[in-house]
1. Could you tell me which residue of segment 90-115 is surrounded by the most Cβ atoms within 10 Å (Cβ to Cβ), considering only residues that are of a type in the set (Asp, Glu) and farther than 11 Å from residue 53 by Cα?
2. For segment 80-89, give me the residue count where each residue is out of contact with any Ser or Thr (no Cβ under 7 Å at 6 or more places or on another chain) and either part of a loop (DSSP other than H, G, I, E, B) or surrounded by fewer than 16 Cβ atoms within 10 Å (Cβ to Cβ) (or both).
3. Have a look at 51, 105 and point out the one that is of a type in the set (A, V, I, L, M) and within 14 Å of residue 27 (Cα to Cα).
4. Output the residue which, of all residues in segment 20-39 that are more than 20 Å from residue 6 (Cα to Cα) and in contact with a helix residue (DSSP H, G or I) (Cβ under 8 Å, 6 or more places away or on another chain), is surrounded by the fewest Cβ atoms within 10 Å (Cβ to Cβ).
Amino acid sequence: MSTFVTDINDKTLRQLPKVAGAYVLVIKLADALTLQNKRFAGTILPKGTYLYCGSANGPGGIAARVKRHCKTDKKPHWHVDELTSNGAGRVVSVLVVPGGNECALRKQIEARPDGEAEFPVPGFGSSDCGICLSHLIRSAEEHLQDVLTEIAGAV
């Protein structure tokens, strides 16, 4: 069953499913961020709200992956780590979809007429995907909670 967790804390993170699936992180950048990753070096992300669509198929499933993304002190491994490390931004909510597919989630978000999806960094988070332009979406905050709640109910 899909769940939209609107309050990220130790208790809600412990309740995430330990199964394979997909997730959408809602990340707030309080200030502009200049990416350092060699592929995207120099790209500036303006402050704002970003959605990152990812998958978790390894040990610990969605719970382990999302908990890692919520840590601020970690060795960067995935593209999104640059947004969630060292105080750059913080995960404020997450949509979890056991058995889900990150590309399908991204497509649902993009298809929403009121979602106003923008892909600020082509190839971000989608280097292993031949279909998606990016798995990072800049989003207007106005309808974001409604959009993710509706997607959670549909998948």
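Derivation of every value follows stated rules applied to the coordinates shown; laboratory data play no part. These numbers were taken from a predicted model, which means no experiment stands behind them. FYI the Cβ positions are ideal-geometry reconstructions off the backbone, even for glycines, and counts take in every protein chain you see.
1. Looking at the filtered set, the residue picked out is 110.
2. Final tally of qualifying residues: 2.
3. Exactly one residue qualifies, and that residue is 51.
4. In this case the residue turns out to be 36.
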